[in-house]
């Protein structure tokens, strides 16, 4: 029997998930990984530091004039194994190229991080 003022959430813990909280809600793990890799990629493209990572990212430059030339895409390299697809040199260009153009063309890090988090939250929690 629940007393007045006590919550009986032991029976139904999903009630806690529906109640609004003042805490910031974290991104699910796959989106958090995308957030981290995309942020590192943005920093590498803006500042070219550290060089051992920025040297791994190659800008996509088409052989002839195409609309995609202005989209700030990265060259993706074919991989032979699933393990190679998880490496930074393969994952970073794939994640970067999958972002909307307005994210890839941000000028500063704080704006990029804010827009990226908004984009990832909306992709996860879209109705």
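Read the figures in this text as sums done on the coordinates, not as results from a lab. It should be emphasised that the depicted structure is a prediction, and the values quoted were computed from it without experimental measurement. All Cβ positions, even for glycine, are placed from backbone atoms using ideal geometry, and neighbour counts span all protein chains on display.
Miscellaneous remarks
- Calculated FRET value between residue 102 and residue 81, using beta carbons and R₀ = 35 Å, to 0.05: 0.55
- Gained length - residue 115 relative to residue 37, 0.36 nm times residue gap less alpha-carbon distance: 26.6 nm
- Taking a point 7 Å from the Cα of residue 25 along the Cα-to-Cβ direction, the residues of the stretch 107-126 with backbone N closer than 12 Å to it are 121-126.
- Across the stretch 26-124, the relative contact order, built from alpha-carbon pairs under 8 Å that are at least six residues apart, equals 32 percent.
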